[in-house]
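The structure that follows is given in the form of structure tokens.
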Amino acid sequence: MLYLTFKAGENEYALDAARVLQVVPGVPLRPVPDAPDHIAGLLNFRGSPVIVVDLVKLIARIKCRRLFSARIIITDCARAGGGQATLLGLLAEDITTLMKREPADLMENALNTAETSCLGQMFRDDERLIQIIKIERLVTGELEHMLAAGMEEFSKTQAG
């Protein structure tokens, strides 16, 4: 499999590149009032509102720095209960590398907690351990509600 790697704090993570639709610059986002602190804001992506999750804030508990290498990864994300897939933006740092790994290269993660359930298997790159993010596990509770409400609102504006 091919993985897109990035940083959240001091650690490295990866996403399945097949789930990545596009990587866009870290542009200004529209704030979302009363959203959880890991929601960076809304992105206008090709005329559609896309909720952007700050992966650095979610995983490392610090806000993503506005670096040149900070980008927004546009992904497809399956909604709970087998609902319609929707777009989700993921803000991260040092998004610069694609890595190919075989299934035999992956190691199980025994360190997950309820707060880190989005963290999947790991693989090595020299002495570094890189952990895979499971996009579908990012969408829980309030974010699921926000995605559903956002798509409903967008559908209404398109119909009217």
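The values are calculated or read from the model by the stated rules, or taken from the named source; none is laboratory data. Computed from a prediction, not measured in an experiment: that's the story for all the values here. Positions of Cβ are backbone-derived with ideal geometry, glycine not excepted, and every protein chain shown enters the neighbour counts. Accessible surface areas use protein heavy atoms only, side chains included; no ligands, DNA or RNA. Shrake-Rupley method; radii C 1.70, N 1.55, O 1.52, S 1.80 Å.
Rounded to the nearest 0.05, what FRET efficiency do D105 and D34 give with R0 = 35 Å and r taken as the Cβ-Cβ distance? Could you check?
Numbers: r = 42 Å, r/R0 = 1.20.
With R0 = 35 Å, the Cβ-Cβ based efficiency is 0.25.
Right, something else. With every protein chain left in place, what is the accessible area of V27 in Å² (1.4 Å probe, nearest 10)?
Surface accessible to solvent at V27 totals approximately 50 Å².
For segment 6-106, run through the chymotrypsin sites (Phe, Trp or Tyr not before Pro) and keep only the ones in DSSP coil with at most 10 other Cβ atoms within 10 Å of their Cβ.
Details: sites: F6, Y13, F45, F68; in loops: F68.
Filter output for segment 6-106: F68.
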